[in-house]
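Visitor: The structure that follows is given in the form of structure tokens.
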Ligand code: FES
Ligand code: FES
């Protein structure tokens, strides 16, 4: 067992976990953050994507001990109180989900994608970058629409901030 201490959604947390414990299991089972899903055991589906030190990571590919000292954000930490994050709002507005199983990972991957492309995104880039996130329900069309819309909102907010 190792003692793990990290920041999750802005709060310092700690706990003990076996060295083989995956980060996704630590989040779900030790911290009760079940918004991060497990959809495969082959690191392919992307349902487990979270942010570690600002970057999208498949939390089933990382050990909990490796995350000690890191700053982790999960889907539970994305909204600002009652206000949805622009990516969450865009998924809602554009019907970017059906069963919702893939949605937390999609939203965390999309947020990272938009942050890495402050100049904006085009459809081909969104589709290429979603390669690591699998959705069995939607056919992706509305997910792509939602990400493009969120990118637009976030880049215009960024521009408004710069101009202010
Ligand atoms: S659970 Fe499928 S990629 Fe992590
Ligand atoms: S909405 Fe069902 S898996 Fe994507």
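Laboratory data are not the source of any read-out in this text; all were calculated from the coordinates shown. What you see is a predicted model; the values in this text were computed from it and never measured. All Cβ positions, glycine included, derive from the backbone under ideal geometry; neighbour counts span all protein chains shown.
Visitor: Counting pairs of alpha carbon atoms under 8 Å apart in space and at least six apart in sequence, what relative contact order in percent does the chain give?
Guide: The value is 23 percent.
Visitor: Here is a further query. Hey, how many Å between the Cα centroid of segment 12-72 and the Cα centroid of segment 114-138?
Guide: 22
Visitor: Quick check on the chain: helices-only [θ] at 222 nm, where DSSP H runs of length 4 and up contribute -39,500 (n - 2.57) each and the sum goes over total residues. Nearest 500, please.
Guide: Mean residue ellipticity, 222 nm, calculated: -10000 deg cm²/dmol.
Visitor: How much length would be gained if the chain were fully extended between residue 12 and residue 44, taking 0.36 nm per residue of separation minus their Cα-Cα distance, in nm to one decimal?
Guide: Result for the pair: 8.5 nm of gain on full extension.
Visitor: Quick check: convex hull over the Cα atoms of segment 1-127, volume per residue in Å³, rounded to an integer?
Guide: Cα convex hull per residue, to the nearest whole number: 112 Å³.
Visitor: Hey, another quick one. How far, in nm, would the chain grow between residue 68 and residue 82 when pulled straight, counting 0.36 nm per residue and subtracting the alpha carbon separation?
Guide: Separation in residues times 0.36 nm, less the Cα-Cα distance, equals 2.1 nm.
Visitor: Please list the radius of gyration and Dmax for segment 86-159, considering alpha-carbon atoms only, with Å as the unit.
Guide: Radius of gyration, then largest Cα-Cα span, for segment 86-159: 11.1, 36 Å.
Visitor: For the ranges 120-130, 82-92, what's the packing order if you count other beta-carbon atoms within 10 Å of each residue, average per peptide, and put the highest first?
Guide: 82-92, 120-130
Visitor: Need the full-extension length gain, residue 128 to residue 155, defined as separation in residues times 0.36 nm minus the C-alpha distance. One decimal, nm.
Guide: Extra length available between residue 128 and residue 155 comes to 7.7 nm.
Visitor: Further, regarding this structure: Starting from the Cα of residue 5, step 7 Å toward the Cβ, then list every residue of segment 47-85 with an amide N under 19 Å from that point.
Guide: Zone members listed by number: 53, 64-73.
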